[in-house]
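Report on one structure; see the data block that follows.
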Amino acid sequence: MGLFSKKEEKEPARADGFVRVARLKDIRPGLIREASAGNVKLSLTNAGGNYYAFAANCPHQGWPLWSGDMKGELVRCYLHRWQFNVRTGENVAPGMPVCLPTYPVMVEGEYLFVNVTGVEKK
Ligand code: FES
C-alpha cells in the first residue's frame, strides 16, 4: 500500500535529487515504516524527533528491517538480532564490519524527502 494519494504521487522530480517518501505524521516515534524512492526500497523511522532513512533489508542476510525494533538510534534486526545505528549505519556488534546503508533526509512542510542518488536500483 502506498503512503500517498494519487495526486501527491505526481510530484515532478527535483533537481537536488531528493524524493518525497512520506508524510511526517505517518512516521511515528520508535516505529519502522517501509517506503520507496523510485525503485529503491527503504525503511524510515523517527528517533527522538529526528527522521532517518536506511535500507529496507538487513545487510547480514536480507531480513526486512521493518520487522525489527528501534531503541533510540539503534535498529535491531529480528532474525539474528544484529543492531545498527540508523544515523551512521555502524554495526554496533564488536568486530562486525558489515554496515547498514543510510540515506540523506530532508524535511519540507509536512513531508519527508530522501536522496538515493547513486544507489543501485534493484
Ligand atoms: S539477517 Fe539481520 S541480523 Fe541476520
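Read-outs throughout are calculated quantities, based only on the coordinates presented, and are distinct from any laboratory measurement. Because the structure is a prediction, the values reported are computed rather than measured. Here the Cβ positions follow ideal geometry from the backbone for every residue, glycine too, while neighbour counts run over all protein chains shown.
Here are a few things to note about the model shown:
- Here's how it looks for L31: its modeled amide H is under 5 Å from those of N46, which are all 5 or more places away or on a different chain.
- Within the chain, helix-based [θ] at 222 nm, where runs of 4 or more DSSP H residues each add -39,500 (n - 2.57), nearest 500: -500 deg cm²/dmol
- Highest mean first, the peptides 28-40, 48-60, 94-106 sorted by other C-beta atoms within 10 Å per residue fall in the order 48-60, 28-40, 94-106.
- With a simple spin-label model that places each label point 7 Å from the Cα along the Cα-to-Cβ direction, the separation between W63 and R14 comes to 3.3 nm.
- Dipole moment magnitude, nearest 20 debye, the range 14-114 about Cα centre, only Lys, Arg, Asp, Glu C-beta charged: 160
- Compared with the direct C-alpha span, the chain from R81 to K25 gains 17.4 nm at full extension, assuming 0.36 nm per residue.
- Computed from phi, the 3J(HN,Hα) profile of the range 20-26 under the Karplus parametrisation 6.51, -1.76, 1.60 (θ = phi - 60°) reads 6, 10, 6, 7, 4, 5, 8 Hz, with x in place of Gly and Pro.
- Where the alpha-carbon atoms of the chain are placed on the principal axes, they occupy 45, 29, 24 Å, in descending order.
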